[in-house]
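Chemist: Have a look at this one.
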Amino acid sequence: MTADAPILHASGMVDLAPEIYRQRLVIEGLVTQPITAAQIETYLAELSEVLDMTTLLEPVTHMSDTYGWAGWIHWETSGAHFYAWDQPRLFFSVDIYTCKPFSSDRAVSFTGDFFSATEVSYRDF
């Protein structure tokens, strides 16, 4: 016996659970100096305060020789991932996902200021 294949929505994302609040924000930026593990840990801890999130697991970082630094923090209402590249350019990307409303404007402003970004782009969805 085989299971039926799932229904796929190729033309766009359908809200399959409208009764569950979800907010996502992606922030990307260009910087003039490499980003360190200590900066990532401090950023994620302070981001928690800026967005009024309850931390369940302190920030964790890992360095990939190929792709650069990654960091993550676990909040009671989900968490945030951080990625930093030195090559081919000094660049960062932050993915925030929560089941609790937060101010995207505060997150974007804080992030750009924290890293002294020369350019920031973001998408809230």
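Chemist: Between residue 5 and residue 93, with labels modelled 7 Å along Cα→Cβ, what's the label distance in nm to one decimal, could you check?
Modeler: About 2.8 nm separates the two model spin labels.
Chemist: Nearest 10 degrees, 0 to 90: what angle lies between the long axis of helix 37-50 and the longest principal axis of the chain (Cα atoms)?
Modeler: Once rounded, one gets 60 degrees.
Chemist: Please work out the FRET efficiency for the pair residue 57 and residue 13, using the Cβ-Cβ distance as r and a Förster radius of 22 Å; give the result to the nearest 0.05.
Modeler: Calculated transfer efficiency: 0.20.
Chemist: Over all directions, average the projected area of the Cα convex hull of segment 36-124 and note it in nm².
Modeler: Averaged projected area of segment 36-124's Cα convex hull equals 5.5 nm².
No lab work stands behind these numbers, since they all come straight from the coordinates. No experiment lies behind these values; they were computed from the predicted model shown. Note that we place each Cβ from the backbone using ideal geometry, even for glycine, and neighbour counts take in every protein chain shown.
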